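Chemist: To start, I am sharing the structure in question, which I have written as structure tokens.
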Amino acid sequence: MQPTVLLLGGNDQNTRALMEQAAEKVATEIGEIISCSSIYQSPPWGFEHERWFLNQVLVVHCPMSPLVLLAKTQEIELQLGRKKKTTTHYEGRPIDIDILFIGDQTHRLPILEVPHPRLHLRRFTLMPLCELMPSFIHPLLGKTLLQLLETCPDKSIVEKLD
């Protein structure tokens, strides 16, 4: 079983509490949390919003198939107040759980791409990843996460909160 890497995030007034609840649900419904990053704060990526986002990476022992994992993460999001996506553009949200990696596996399915197809473009994702696993090699890009952070085109402010 390869470690699964998830990104928790959101920009609701209660996001920090929701992230704690999401981590508890991940631990009980998905698998044992091996490690978690600090919480990072950053401006919205790809759209305008008055509230900044919080993000945190979790590394989890997960025995589920990718599609079962996706269904479970979406179920947890809905339980914690996330509305079903109704648009194709980005918008604010109370909680979001993205699947970043499932070990070094790659999956290209109509509803799921692993590794996450835009993680190398997002400083708010790369910084907590590098806190936990800077030398992990991206299975498609062939570079370490630290190398991806150093060459990331996103120059947004990302602040470590913890």
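The values are calculated or read from the model by the stated rules, or taken from the named source; none is laboratory data. What you see is a predicted model, and the numbers here were worked out from it, not measured in a lab. Backbone-built Cβ (ideal geometry, glycine too); neighbour counts: all protein chains shown. Keep in mind that these areas ignore ligands, DNA and RNA; they rest on the heavy atoms of the full protein, side chains included. Shrake-Rupley method; radii C 1.70, N 1.55, O 1.52, S 1.80 Å.
Chemist: Given DSSP loops and a limit of at most 16 other Cβ atoms within 10 Å, what is the longest stretch of the chain that contains no such GluC sites (Glu not before Pro)?
Modeler: The answer is 92-162.
Chemist: Towards the positive end of the charge dipole of the range 56-162, with charges on Cβ (+1 Lys, Arg; -1 Asp, Glu), say which of M64, G81, L126 has the farthest Cα.
Modeler: So the residue we want is G81.
Chemist: According to the square roots a ≥ b ≥ c of the eigenvalues of the Cα gyration tensor, what is the shape class of the range 1-150, taking rounded for a/c under 1.5, prolate for a/b larger than b/c otherwise, and oblate for the remainder?
Modeler: The shape class here is rounded.
Chemist: Suppose every Lys and Arg Cβ carries +1 and every Asp and Glu Cβ carries -1, with no other charges. What dipole size does the range 19-80 come out with about its Cα centre, to the nearest 20 debye?
Modeler: About 100 debye.
Chemist: With only Lys, Arg, Asp and Glu charged, each at its Cβ (+1 for the first two, -1 for the last two), find how big the charge dipole of the chain is about the Cα centre; round to the nearest 20 debye.
Modeler: For the chain, the charge dipole is close to 340 debye.
Chemist: Of the heavy-atom accessible surface of the chain (probe 1.4 angstrom), what whole percent is carbon and sulfur? Please list the in-between numbers first.
Modeler: Values: 4410 of 8290 Å².
Carbon with sulfur: 53 percent of the solvent-accessible area.
Chemist: Let me ask something additional. Is it possible to state the helix-based mean residue ellipticity at 222 nm for the chain, with each DSSP H run of 4+ residues giving -39500 (n - 2.57), the sum divided by total residues, to the nearest 500 deg cm²/dmol? What is it?
Modeler: -8500 deg cm²/dmol
Chemist: OK, next. Can you work out the accessible area per residue across the range 91-162, with the rest of the protein chains kept in place, probe 1.4 Å, in square angstrom?
Modeler: Accessible area per residue, the range 91-162: 49 Å².
Chemist: Springs between alpha-carbon atoms under 10 Å, Gaussian network over the chain: tell me which of S65, S38, S135 tops the mean-square fluctuations.
Modeler: Result: S65 has the largest fluctuation of those listed.
Chemist: Mind giving me the nanometre distance, one decimal, between the label points for E50 and I33, set 7 Å out from Cα along Cα→Cβ?
Modeler: Calculated label separation equals 3.0 nm.
Chemist: Then there is this: Can you give me the relative contact order of the chain as a percent, contacts being Cα pairs under 8 Å and 6 or more apart? Walk me through the intermediate numbers first.
Modeler: Details: 307 pairs, mean separation 49.0, N = 162.
Normalised by residue count, the contact order of the chain is 30 percent.
Chemist: Give the accessible area for L146 in Å² (nearest 10); use a 1.4 Å probe, count only protein heavy atoms, and leave out ligands, DNA and RNA.
Modeler: 80
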